[in-house]
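Asks: First the structure, then my questions, so here it is.
Nothing in this text is a laboratory measurement; each read-out follows from the coordinates by a stated rule. For clarity, every value in this text was computed on a predicted model and none was experimentally measured. Reconstructed Cβ throughout: ideal geometry from the backbone, glycine too, with neighbour counts over all protein chains shown.
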Amino acid sequence: MLLKVVRTMKWLNLFDDNMALAPKATYVECFCSLLEPRIMLKENEKDFIVMQHKFRIQGKDGKTKTVKSNFLKIGEKNKTAMSVCVGYTAATTAQLVLDGKINKKGVHIPITPDIYNPILSELAKDGLFAREEVE
């Protein structure tokens with residue numbers, strides 16, 4: 001494990017005596033400046049997001065079933081999958097609040113149907129949805 005940590009630190013150039021970081025930068029800004037040149041997509045590359053959630057659900061009758069939710073988004077030219085998923089979700093939510101379709105005040109986690117259902121419905125129109133299967 002220690003060898004893996006040291007390799008990663010070398011990959012980030014943490015042992016480079018000529019490494020220059022902004023003097024008033026935060027720790028996060030410094031870390032980002034180390035990562036950015038190494039993880040930036042090249043001209044012909046695309047990112048992608050793959051998620052799978054598995055739930056084992058036991059009904060009142062005692063029977064158990066497994067529900068899998070699968071999500072895949074592949075980035076496009078000039079539009080990363082990450083920017084689409086994060087940006088569309090934020091923009092969709094803001095629009096629903098402005099339109100009065102989500103009318104709660106304050107900051108809320110989207111764990112209640114009155115918040116997540118309208119968001120998921122709108123995102124599905126843009127092709128952002130998970131496929132569910134029951135085993």
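Asks: Nearest 10 degrees, 0 to 90: what angle lies between the long axis of helix 27-39 and the longest principal axis of the chain (Cα atoms)?
Replies: The angle comes out near 90 degrees.
Asks: Identify the chymotrypsin sites (Phe, Trp or Tyr not before Pro) of segment 1-58 meeting these criteria: DSSP loop state and at most 10 other C-beta atoms within 10 Å of the C-beta.
Replies: Of the chymotrypsin sites (Phe, Trp or Tyr not before Pro), the ones in loops of segment 1-58 whose Cβ has at most 10 other Cβ atoms within 10 Å are PHE15.
Asks: Any chance you could list the semi-axes, whole Å, largest first, of the equivalent ellipsoid that the Cα gyration tensor gives for segment 21-89, using √(5λ)?
Replies: 38, 19, 10
Asks: On to the next question. Using +1 at the C-beta of Lys and Arg and -1 at the C-beta of Asp and Glu, which of GLY59, ILE119, CYS85 has the Cα lying farthest in the positive direction of the dipole of segment 7-135?
Replies: GLY59
Asks: Quick check: the angle from helix 113-125's long axis to the longest principal axis of the chain, C-alpha only, nearest 10 degrees?
Replies: 70
Asks: Also, quick follow-up: Show which lysines lie in cross-link reach of LYS42 when reach means a straight Cα distance below 28 angstrom and same-chain residues fewer than eight apart are skipped.
Replies: Correct list for LYS42: LYS4, LYS10, LYS73, LYS77, LYS79.
Asks: Something else: If you filter segment 1-74 for trypsin sites (Lys or Arg not before Pro), then keep DSSP loop positions with at most 15 other Cβ within 10 Å, what is left?
Replies: Of the trypsin sites (Lys or Arg not before Pro), the ones in loops of segment 1-74 whose Cβ has at most 15 other Cβ atoms within 10 Å are LYS24, LYS42, LYS46, LYS60, LYS63.
Asks: Continuing with this model, one more query. Run the helix sum for the chain: -39,500 (n - 2.57) per DSSP H stretch of 4+ residues, divided by residue count, reported at 222 nm to the nearest 500 deg cm²/dmol.
Replies: Roughly -13000 deg cm²/dmol at 222 nm, from the helical runs in the chain.
Asks: Further question on the same structure: Equivalent-ellipsoid semi-axes (√(5λ), Cα gyration tensor) for segment 4-135, whole Å, largest first?
Replies: They are 37, 22, 17 Å, listed largest first.
Asks: Excluding ILE74 itself, what net charge comes from residues whose Cβ is under 12 Å from its Cβ, given Lys and Arg +1 and Asp and Glu -1?
Replies: Taking every other residue near ILE74 into account, the sum is +1.
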